[in-house]
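To start, the structure itself, in structure tokens.
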Amino acid sequence: MKKFKTESKRLLDLMINSIYTNREIFLRELISNASDALDKIYLASLTNRSIKVTRGELAVTLAFDAEARTITVSDNGIGMTKDELDKNLGTIAYSGSLDYDTAEDEAIDLIGQFGVGFYSGFMVASKVRVVSRSCEGKEAWAWQSNGIDGYELRESERAEQGTDVILTLKADTDEENYSLFLSEFELERLVKKYSNYVRYPVRMEKTKQRALPAPEDAGDDHELEYESYQEMETLNSMTPIWKRRKADVSEEEYAEFYKSDFHDYAAPAATFTIKAEGVLNYDALLFIPSHVPFDLYNKEFEKGLALYSSNVMIMEKCPDLLPDHYNFVRGVVDSADLALNISRETLQKNNQLRAMAKRIEKKITSELTTMMADNRETYEGVFECFGRGIKYGIYTSYGSLKETLAPLLLYYSAKQEKMVSLREYADAAPAEQEAIYYAAGEDESLLAKMPMVKSVLARGFDVLLCSQEVDDFCMNVMRDFDEKPFKNVAGADLGLETEEEKKETEEKSKEFSGLFEAMQEILDGKVSKVALSTRLDDMPAGITAEGFVSLEMERILAAMPEGGGISSQRVLELNVDHPIFAKLVDAADNDPERLALLTNVLYNQALLVEGLPVADPIDFAQSLSQLLV
Ligand code: ADP
């Protein structure tokens, strides 16, 4: 007996005992695994001559035995070797973050994200047995488990390649009537409800009645006699859902198809279709997920849409159909005009494919735009999940995608305290406002407290609070929106002072130029300038950056493996109205050592406020202590 890993066990416990109230979905999960296995063998047969399959023979077969309390889901798909049974069914793919302390609702989320498809069998079964024969060999293996401690693997037999999943149902309880599933009627109902669009026949032997022929000498009053017989029947419609008109398909049907085909536990946030007729004929059915797939930010994540030619899958994920910034979109594209045995390489050079990809991208953009206008709450959810990728799209295209993508962006507005689009920001700005102000940092609530943000707000201008790493870079390549340049409030010289203020600052700057020079010398190259500022609110000093590299960029670059060494040109800004300023002036005149201490402390504390690392914490602490004694 092999033991399940602790995490898998915990996951199983949750599944079996509490989480899914909707136990009947187990059948959908097993059928979709079977259908995947059929896809796999078909795809393999296209490139591997030794695998011979006839498409018409590929099918999922259901059977049940009321006495033995078993339900069997069989397929003649790719099958699993001993190792594959061990690997695929022995551990539940999981993130490593699920332990006994994980709250139940978080666990549900995780379970959903990782798709414990196969394990859902244990919601209704006390024992699951899987007999499988891989298309690679002749031997078959049986995997068996009670879902509690572990599983066993034994040699077995199977006439052809494929897999049988045999569930022995749990005993009925007061709350749960598992026996319900042991009926033709119920199994057929579940197939129609959840697996109607599976592209392979899902078959079951059904008991039917037929009248026996009347004996020749039967009189007029002869009563017909009936006999039962068994006949294999296909339960699902198999018509691809994407071939139906959108108006004829309910939202639930789309959602069920999406969940079963793309292994998601949650319904999509949006569903839309393309029906192209003309030079190139194809149907597309596209979905925007309602949550972030667990692997979206993994290197191994593969974007792409499933590609079909006349209802036959030719590629599970065709990456060329989706631009990177829409990599989260899932769906199906079906075109009769594509050759069946087309290879990845030819596809890449395929003009038809390129034309489709273009149209698909446009469609996604227009759907998102409509959603933003008509269904704001859903859009905000979608943007929270996938907005980062859209921003990267702008950044990595050096701004060439700005026209298309900038209107889709949302940022948190410090003034309105909600998400706003750039259009909304620009429309709400007073006439005299010349720029779009933003602050970038790790945390929106900290940004809201930054003196520079407060001082821009105090002038009646809104500030966008940006907490994603890509934000500052993205703003930089966008440069402007609605003819207003983006300005980071932590940049030096925002040009917001009135003429009067400017004059006053200039005069004072002259007056204290000696102090500034002395301080710059003390800081020994760490800053390119020490200057006066009118936007420090109640802080004595602040750090801003001159030139192209912002403080936020410096912070992010420094955190990258190879990004260090690029620094901003820092400016130490001083608040002339703060009581410390008078102390600086005094120290400059009377006590150069104290000036050095004050300068050092002010500089480092300004770094802290900006979220930048203090280069020499010990030196900082010592300077501070000396001032405190
Ligand atoms: P998922 O289907 O989301 O990957 P499952 O837990 O349902 O997760 O299944 C785990 C793996 O087991 C599948 O990815 C597949 O490789 C394998 N598997 C499950 N059922 C079958 C089947 N009927 N035929 C072949 N392989 C299967």
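Computed values, structure above
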read-out	value
Elements of type strands (runs of 3 or more DSSP E) contained in the stretch 427-523, each with 2 or more residues being among the charged types (D, E, K, R)	484-488
Residues (in contact (Cβ under 8 Å) with a residue 24 or more places away in the chain and β-branched (Val, Ile, Thr)) located in the stretch 28-47	31, 41
Checking residue 391 against (1) assigned to a helix (DSSP H, G or I); (2) open to solvent by 40 Å² or more (accessible area, probe 1.4 Å); (3) among the basic types (Lys, Arg), the condition it does not meet	(2)
Residue check for residue 526: in a loop (DSSP other than H, G, I, E, B) and open to solvent by 20 Å² or more (accessible area, probe 1.4 Å)	yes
Test: residue in the stretch 304-319 that is over 20 Å from residue 40 (Cβ atoms) and buried (at least 19 other Cβ atoms within 10 Å of the Cβ)	no
Some residue of the stretch 410-419 being touching a Cys at 6+ places or on another chain (Cβ under 8 Å) and open to solvent by less than 50 Å² (accessible area, probe 1.4 Å)	yes
Identity of the residue in the stretch 341-358, in contact with a helix residue (DSSP H, G or I) (Cβ under 7 Å, 6 or more places away or on another chain) and at pLDDT 60 or above, that ends up nearest to residue 315 (Cα to Cα)	347
Residue satisfying condition, being touching a residue at least 12 places away in the same chain (Cβ under 8 Å), of a type in the set (Gly, Ala, Ser) and within 15 Å of the ligand (Cβ to nearest atom), within set 183, 134	134
Leading residue by the ranking (surrounded by the fewest Cβ atoms within 10 Å (Cβ to Cβ)) among those in the stretch 424-436 that are under 23 Å from residue 491 (Cα atoms) and charged (D, E, K, R)	432
When residues of the stretch 226-240 are limited to those that are among the hydrophobic types (A, V, I, L, M, F, W, C) and at pLDDT 90 or above, the one nearest to the ligand (Cβ to nearest atom)	235
Answer residue from the stretch 117-131, given it is in a strand (DSSP E or B) and aliphatic (A, V, I, L, M) and is nearest to the ligand (Cβ to nearest atom) among those	130
Subset of the stretch 158-196 that is of a type in the set (Val, Ile, Thr) and surrounded by 12 or more Cβ atoms within 10 Å (Cβ to Cβ) - its residue that is farthest from residue 32 (Cα to Cα)	168
Sole residue being closer than 24 Å to residue 384 by Cβ, of a type in the set (A, V, I, L, M, F, W, C) and touching a strand residue (DSSP E or B) at 6+ places or on another chain (Cβ under 9 Å), chosen from 515, 494, 465	465
Number of positions in the stretch 348-368 that are more than 19 Å from the chain's Cα centre (by Cα) and either of a type in the set (Asp, Glu) or open to solvent by 20 Å² or more (accessible area, probe 1.4 Å) (or both)	12
Qualifying position, being in a loop (DSSP other than H, G, I, E, B) and modelled with pLDDT under 95, among 19, 78	19
Some residue of the stretch 241-252 being aliphatic (A, V, I, L, M), in a loop (DSSP other than H, G, I, E, B) and within 16 Å of the ligand (Cβ to nearest atom)	no
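Residues checked against (1) buried (at least 20 other Cβ atoms within 10 Å of the Cβ); (2) β-branched (Val, Ile, Thr):
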| site | (1), (2) |
| --- | --- |
| 544 | yes, yes |
| 576 | no, yes |
| 582 | no, no |
| 585 | no, yes |
| 590 | no, no |
| 594 | no, no |
| 599 | yes, yes |
| 603 | yes, no |
| 608 | no, no |
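The values are calculated or read from the model by the stated rules, or taken from the named source; none is laboratory data. Everything numeric in this text was worked out from a predicted model, so none of it was measured. Virtual Cβ from ideal backbone geometry, glycine too; neighbours counted across all protein chains shown. These area figures cover heavy atoms from the full protein model, side chains too; ligands, DNA and RNA do not enter into them. Shrake-Rupley method; radii C 1.70, N 1.55, O 1.52, S 1.80 Å.
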